[in-house]
Amino acid sequence: MPPISGPAAEVDITLDLVRDLLRDQHPDLAERPLSPLAEGWDNAMFRLGQHFLVRLPRRQVAADLVAHEHRWLPVIARLVDLPVPAPVRHGRPTAYFPWSWSITRWTEGRPAAATAVRGRGHWAGTLARFAAQLHRPAPADAPHNPFRAVPLAHRDEVFRERLGRLDHPRAAQLLTVWEQALRAPLYAGEPVWVHGDPHPLNMVVHRGRLAAVIDFGDLSGGDPASDLATAWQTFDWEGRAGFVVRYSELAGRDEALWQRARGWAVLYAVNSLALSADSAEFLAIAEHTIAQVLDAPDALAGPRR
């Protein structure tokens with residue numbers, strides 16, 4: 001089960017290790033069929049029987065995010081209509097595995113990234129409703145994430161460094177879009193809940209419908225613009241129009257919000273190109289995002305409502 005891309009695991013997560021954790025802490029589930037599912041930057045995932053997913057952090061930084069999910073996902077689940085992976089069982093650190101881990105319910109379907117972009121517009125309004133429901137004021141003790149939901153200027157140095165070493169043929173155009181976004185008015189509202197990473201690999205589609213949004217490791221409070229970058233990451237221009245219209249109906253019209261969101265879309269694309277060059281999935285999302293930002297019919301003015 002090779003990782004999708006990114007940093008090396010700090011712990012070797014095997015079937016035997018997961019089985020031992022289950023026997024020690026959740027023996028009633030331990031003998032169910034167990035199979036490796038995926039390994040990403042932060043977590044390794046295993047299918048457990050028909051109804052469960054076991055998710056274990058593979059790095060210390062991800063272990064800290066698991067603690068956030070344990071604390072806050074039950075709260076988030078009460079805010080939104082779509083299923084989210086709130087843990088149904090909590091795993092504890094042991095002498096042979098150093099971090100907390102989770103068992104969540106299995107959601108039937110496949111990643112949105114594995115579906116045709118053209119067809120995603122059918123559920124653009126559903127995703128917009130989810131985002132509007134999520135983007136409610138976050139409590140003062142909500143997690144802070146220095147890489148999400150912050151002013152774009154906080155990411156300017158790293159964006160320019162990564163773009164500069166990419167040698168991408170459209171680097172100059174991407175820099176122009178980034179600088180336009182930097183000039184947008186700053187977010188002046190109170191911090192709201194932000195998923196942090198709603199790209200098409202973190203959405204589950206079943207029978208042509210959006211079935212769940214997953215992977216809340218980057219959950220934080222702040223500017224919702226970073227989530228709305230998904231308008232370019234996930235949809236074509238027609239689907240994006242439906243997403244923008246529905247979100248604006250529910251959350252209000254705010255041109256500066258979408259200007260910043262466009263900047264976040266470019267930032268995410270550059271990050272993927274710089275950090276996930278060995279992942280076909282992330283590269284495809286990045287190039288799709290760039291094409292939508294630069295070439296789609298709404299590229300010059302940004303999405304309109």
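Values quoted throughout were computed directly from the atomic coordinates according to the rules given, and no laboratory measurement underlies them. Here the structure is a predicted model, which is why all the values come from computation and not from measurement. As a convention, Cβ positions derive from the backbone with ideal geometry for all residues, glycine included, and neighbour counts pool all protein chains shown.
Stretched out fully, how many nm does the piece from Val75 to Arg32 gain, at 0.36 nm a residue minus the Cα gap?
Details: separation 43, 0.36 × 43 = 15.48 nm, distance 2.90 nm.
Extending this stretch completely gives an extra 12.6 nm.
Once you place label points 7 Å from the Cα toward the Cβ at Arg105 and Asp295, how far apart are they in nm?
Those two pseudo-labels are separated by 4.1 nm.
At 7 Å along Cα-to-Cβ for each site, give me the label-to-label distance between Glu10 and Tyr96 in nm.
2.1
Let me know the longest stretch in the chain that avoids all GluC sites (Glu not before Pro) found in a DSSP loop with at most 15 other C-beta atoms within 10 Å.
Numbers: sites that count: Glu10, Glu31, Glu108.
In short, 109-305.
Could you pull out every residue, at least 5 positions away or on a different chain, whose amide H is within less than 5 Å of the one on Leu37? Hs are placed 1.01 Å off N in the peptide plane, and Pro or chain starts have none.
Met45, Phe46, Arg47
Rounded to the nearest 0.05, what FRET efficiency do Phe147 and Ala188 give with R0 = 25 Å and r taken as the Cβ-Cβ distance? Could you check?
The computed FRET efficiency comes out at 0.75.
Round to a whole angstrom and tell me the spacing of the C-alpha centers of region 154-231 and region 1-66.
Cα centroid to Cα centroid, the span is 27 Å.
Relative contact order (percent) for the chain, with alpha-carbon contacts under 8 angstrom and 6 or more residues of separation? Could you put the intermediate results ahead of the total?
On the way: 535 pairs, mean separation 55.9, N = 305.
It comes to 18 percent, rounded to a whole number.
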